[in-house]
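The values are calculated or read from the model by the stated rules, or taken from the named source; none is laboratory data. Keep in mind it's a predicted model, so treat the numbers as computed, not measured. Cβ: placed from backbone, ideal geometry, glycine included. Neighbour counts: every protein chain shown. Ligands, DNA and RNA are excluded from the accessible area calculation, which covers all protein heavy atoms including side chains. Shrake-Rupley method; radii C 1.70, N 1.55, O 1.52, S 1.80 Å.
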Amino acid sequence: MQTELPELGEIPKGWTRKHLLGLEDLSGDELNILLDKAQIFRNAFDEGRRKFSFLNGHTSVTLFFENSTRTRTSFALAAQRLSASTVAFAASTSSLSKGETVIDTAKNLEAMGCESMIVRHSTPGIPRLLSENVACSIINAGDGAHEHPTQGLLDILTLRQKLGSLEGKTIAIVGDIAHSRVVRSNIWGLQKLGAHVIVCGPATLVSPTWREMNVEISHSLDAILPRVDALNMLRIQFERQYTSPFPSIREYTLLYSINGERLRRAKPNVLILAPGPINRGVEITPDVADGAQSAILEQVSNGVAVRMAVLWLTDGARKSQR
Ligand code: NCD
């Protein structure tokens, strides 16, 4: 029994993963373990119980080869709140620029002694590759346009808190579907919990191949508005595009931005999510981003709780496999 947080209990028998590479790999039961434990950390946070010693002696390295505000800080806070030490690896000033491979970099960091690496990279599959080459836990913090499992988890935790069971709920993910890793993690997670997912955006960003993921495709935000329980508004990932997917930002905004007028045509309690960073006035107007139906900052708070659960569970599995 965890005396500091008795309601957390032991690592559940159903959890055996020392890495978290994506939500595609997880069963519905594993997803629920993660969400339930994250909820316990979130409740404790709200009650002012924010520091625990579960990861005493654990060193966690954040290995980010792409920019980040929320994810990196949130992982560092989560690790510190579990009493782990954290080290931030700075890719831009490292020996990668001298030709060292990512695997060699990871092996060298591990040789200095670390129990987990939190990895963000622009190439899909790098976290999995590292998990096959090092002994410590690898946690995917976003790999190219592939997966961003902790973002998916914090989105789903927020939806679950606000909407209750996700069985039969309709969740629309709107915007830059083509270049988003958040969308894939959301689809895999939401579908395992019984939700109906719509991906919505211009045809240049939502190709028919998305049907292979068993989602509904829409090119009209206005058409789907009346039947969605939540809208997850994605940022246009200009950094991943070589040609413009639409004639102008103004045109995109006219068709796909969530604003006060559109909100009035949606279900009365429709929930608005965004992974951040938000581009105010592009995918979301300030009145909606800061309004009563926005859960954007709740998502951020849930992010720390989700990452505490991920670090605690993967650490437990790693220790039991030694
Ligand atoms: C997302 C990401 O990096 O994939 N942001 C995040 O982690 N909160 C989405 C984005 O950059 O638009």
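Bridge orientation summary for the chain: considering DSSP beta bridges with both residues in this region, about 5 percent are antiparallel.
Using +1 on the beta carbon of Lys and Arg, -1 on that of Asp and Glu, and nothing else charged, what's the dipole of the stretch 14-124 about the Cα centre, debye to 20?
On the way: 13 positive and 12 negative charges, 89 e Å.
For this selection, approximately 420 debye.
Summing -39500 (n - 2.57) over the DSSP H runs of n ≥ 4 in the chain and dividing by its residue number, what mean residue ellipticity at 222 nm do you reach, to the nearest 500 deg cm²/dmol?
On the way: 11 runs with 121 residues, N = 322.
For the chain, the value works out to -11500 deg cm²/dmol.
Assign one of three labels to the stretch 22-109, namely rounded, prolate or oblate, based on the Cα gyration tensor with a ≥ b ≥ c the square roots of its eigenvalues; rounded applies when a/c is under 1.5, prolate when it is not and a/b is larger than b/c, and oblate otherwise. Cα axes put the stretch 22-109 in the prolate bin.
Name the helices (complete DSSP H segments) of the chain with a Cα length along the long axis of 15 Å or more and a Kyte-Doolittle mean of at least -0.5, or state none. Answer set is 28-46, 149-163, 181-192, 296-321.
About its Cα centre, what dipole magnitude does the stretch 98-226 give when the only charges are +1 on Lys and Arg Cβ and -1 on Asp and Glu Cβ, stated in debye to the nearest 20?
Working: 11 positive and 13 negative charges, 41 e Å.
Roughly 200 debye for the stretch 98-226.
Around the Cα centre of the stretch 262-322, unit charges on the Cβ atoms of Lys, Arg, Asp and Glu (plus for the first two, minus for the last two) sum to a dipole of about 260 debye. What shape does the stretch 183-268 take by its C-alpha gyration tensor, where a ≥ b ≥ c are the square roots of the eigenvalues and a/c under 1.5 counts as rounded, a/b above b/c as prolate, and the rest as oblate? Here the stretch 183-268 falls in the oblate category.
Hey, could you get me the Stokes-Einstein D for the stretch 1-40, Kirkwood radius over alpha-carbon pairs, 25 °C and 0.890 mPa s, rounded to whole µm² s⁻¹?
Working: Rh = 11.1 Å.
Estimated via Stokes-Einstein, D reaches 221 µm²/s.
The overall shape of the stretch 227-322, judged from the alpha-carbon gyration tensor, is oblate: a/c is not under 1.5, and a/b is no greater than b/c.
Given a 1.4 Å probe and every protein chain left where it sits, what share in percent of the accessible area of the chain is carbon and sulfur? Walk me through the numbers on the way to the answer.
Details: 6920 of 13420 Å².
It is 52 percent, rounded to a whole number.
Positive contributions from Lys and Arg (+1) and negative ones from Asp and Glu (-1), summed over other residues with Cβ under 10 Å from the Cβ of Asn32, come out at 0. Across the stretch 239-317, Cα pairs under 8 Å and at least six residues apart give a relative contact order of 28 percent. In the chain, a dipole from Cβ-located charges (positive for Lys and Arg, negative for Asp and Glu) runs towards its positive end, and of Ile103, Leu35, Val270 it is Leu35 whose Cα lies farthest in that direction.
As an exercise, take the mean of 1/r over every pair of distinct alpha carbons in the chain, invert it, and state the Kirkwood radius in angstroms.
20.2 Å
Accessible surface for the chain, divided over its residues, is 42 Å² per residue with a 1.4 Å probe. So, in the chain, how many Lys pairs have Cα atoms under 27 Å apart, if the pair is 8 or more places apart or on different chains? For the chain, the number of qualifying lysine pairs is 23.
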